[in-house]
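K.L.:
Just passing along the structure, written as structure tokens.
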Amino acid sequence: MGYAVATVRMMYLNAQRLDLEYKIQLISDAKMQLSRTVTDLMNAGTDLESDSPIVKKLEQRKERLYLLEKKLDMQLEQYKTRLKAIEVEQQSCDQMLEKNLQRSFRY
């Protein structure tokens, strides 16, 4: 019975790991796009006067994008922490599976 439970648990952990890896990839892609947008905003305001209302709006948008980047970083760290925990649990489950196999097929 322990073998069946461990196998199901491994399948569940693997699904969670794949889901987290996918989310991490999405966040990484979003951060790259965000960086490009910030760079574009910085380049857009270079030909305007520094006290122009348009430059001030660009600065506000740039600050909002930086806040969004910080939120993405926090989310990314949470996912990475959860991923590490799942990897540790997978190793534990692997050991349990191996012990069950050794116990079942001992001669």
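Coordinate-derived values only; no laboratory data. All values reported here derive from a predicted model rather than from experimental measurement. All Cβ positions, even for glycine, are placed from backbone atoms using ideal geometry, and neighbour counts span all protein chains on display.
K.L.:
Inverting the mean 1/r over all pairs of different Cα atoms, compute the Kirkwood radius of the chain and quote it in Å.
P.N.:
Taking the inverse mean of 1/r over all distinct Cα pairs, the chain comes out at 17.4 Å.
K.L.:
Let me ask something else. Excluding Arg17 itself, calculate the net charge of residues whose Cβ lies under 10 Å from the Cβ of Arg17, where each Lys or Arg counts +1 and each Asp or Glu counts -1.
P.N.:
With Lys, Arg at +1 and Asp, Glu at -1, the net is -3.
K.L.:
Mind checking the angle between helix 53-104 and the chain's longest principal axis? C-alpha axes, 0 to 90 degrees, to the nearest 10.
P.N.:
10 degrees
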